[in-house]
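Working notes, structure below.
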Amino acid sequence: MERMPKWADVMLTPLISLILAFAISALVILAIGESPAEALKVMVEGALGSSYGWGFTLYYTTNFIFTGLAVMVAYHAGLFNIGGEGQAAIGGLGVALVLLALPWPHWALALPAAAVGAALFGALWALIPAWLQARRGSHIVITTIMFNFIAAALLNYVLVNLLRPVGSMDPASASFPASTHLPKLSEMALGFGIEWGRNTPANVTFFVAVAACLLVWLLIWRTRLGYEIRAFGKSEPAALYAGISPVRITVSAMLISGGLAGLMAINNVMGEAERLMLNAVEGAGFIGIAVALMGRNHPFGVFLAALLFGFLYQGGGELALWTTIPRELIVVIQALVILFTGALDNMVRMPLERLFKALRRKGA
């Protein structure tokens, strides 16, 4: 018998963790002499109170969906991929090379090609850590951390020495051709006669991210490979006994994970900046870890958690703009959410398990 109902594990535990995180955040805001109620009001109105706020919230959400799914897939194989930052950065390089190499006549043709380039480059960047884990026993956490720094250094070299236009002082590539610019959600809404989200970066990639959630669900729970990934993640000896190759599953899971992280580049590089720049990932690779943990490593949960962190990012920006509360406080709130949904998960889970056990005894 389950120690706790599935709905309580998936919904109640994260909800209580969130409430605890926000309660402590409120105490921190009080400690610096500000009003938690006013801070919450500014965040909600700034992130959700207008189409402008929603445009930015959905833009950040799109980034976090891709990196959250990347962490999720690796987690189901028993791997902790924290290299999403580097994989997304190298995915941006793949996007830039694809879009600058050929004269694309329309964004509808450029988008699939850029997506392939982003996923391929992200997957290849995850391949070496995967091979080192599978063949040499090098811990995936250590190697993916190292590859984040290597990716940053490599991207810096490529932008400064290879892709930077002649005469430019900015370490960035040339702007992508106008024909490859992705339609913004505001432009799509305007096509239906609705004025929504003007001057916001949310673009058609949001729908690609939603489709990715569905495809990852199908992969993990409706395919043989997904079954093998989950079996291997639950018990490597049992999977080995069943004829599942640890090397194949480790490499396959990390390739898919790296590809998903790389796909984030079609949103921030192709859809928003419309050129490749340094530091374009802006920490989204690390936020993906919290998104996967809070989403209970399920695509639907990842979507909801990404939306929450999108709200925190946009709301945090508004909070720093319109109040004296520093933006760094949002980092504190994010850290508290990560702390309670990750490291202190058992602090909430164990009392709930005891409660449901007592209720079952009483009902019997």
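Key figures for this structure:
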quantity	calculated
Hits in the stretch 191-232 - residues which are among the basic types (Lys, Arg) and either open to solvent by 70 Å² or more (accessible area, probe 1.4 Å) or over 21 Å from Leu79 (Cα atoms) (or both)	Arg198, Arg222, Arg224
Matching residues, the stretch 131-167, being within 30 Å of Gly233 (Cβ to Cβ) and among the β-branched types (Val, Ile, Thr)	Ile140, Val141, Ile142, Thr143, Thr144, Ile145, Ile150
Out of Val269, Val291, sole residue that is surrounded by 16 or more Cβ atoms within 10 Å (Cβ to Cβ) and either within 25 Å of Leu109 (Cα to Cα) or in contact with a strand residue (DSSP E or B) (Cβ under 6 Å, 6 or more places away or on another chain) (or both)	Val269
Elements of type helices (runs of 4 or more DSSP H) contained in the stretch 34-149, each with 3 or more residues being within 24 Å of Thr205 (Cβ to Cβ) and out of contact with any helix residue (DSSP H, G or I) (no Cβ under 8 Å at 6 or more places or on another chain)	107-131
Every residue from the stretch 150-167 that is among the β-branched types (Val, Ile, Thr), touching a helix residue (DSSP H, G or I) at 6+ places or on another chain (Cβ under 8 Å) and open to solvent by less than 60 Å² (accessible area, probe 1.4 Å)	Val158
Residues located in the stretch 129-160, provided they are among the hydroxyl-bearing types (Ser, Thr, Tyr) and free of Cβ contacts under 8 Å to residues at least 12 places away in the same chain	Ser138, Tyr157
Among residues of the stretch 173-200, those that are closer than 25 Å to Ile90 by Cβ and in contact with a Lys or Arg (Cβ under 7 Å, 6 or more places away or on another chain), counted	4
From the options Leu48, Leu100, residue that is open to solvent by 60 Å² or more (accessible area, probe 1.4 Å) and over 22 Å from Gly310 (Cβ atoms)	Leu100
The one condition in (1) over 24 Å from the mean Cα position of the chain (by Cα); (2) assigned to a helix (DSSP H, G or I) that Pro165 fails to fulfil	(2)
Residue satisfying all of: in the stretch 168-183; open to solvent by 30 Å² or more (accessible area, probe 1.4 Å) and either hydrophobic (A, V, I, L, M, F, W, C) or under 22 Å from the mean Cα position of the chain (by Cα) (or both); nearest to Val98 (Cα to Cα) among these	Ala174
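Every residue, every condition in (1) closer than 30 Å to Ala77 by Cα; (2) charged (D, E, K, R), yes or no:
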| position | (1), (2) |
| --- | --- |
| Ile266 | yes, no |
| Ala273 | no, no |
| Arg296 | yes, yes |
| Ile330 | no, no |
| Leu344 | yes, no |
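The values are calculated or read from the model by the stated rules, or taken from the named source; none is laboratory data. Just so we're clear, the structure is a prediction, and the values are computed from it rather than from any experiment. Counting neighbours? That spans all protein chains shown, and the Cβs are built from the backbone with ideal geometry, glycine included. What goes into the accessible areas is simple: the full protein's heavy atoms, side chains included, and nothing from ligands, DNA or RNA. Shrake-Rupley method; radii C 1.70, N 1.55, O 1.52, S 1.80 Å.
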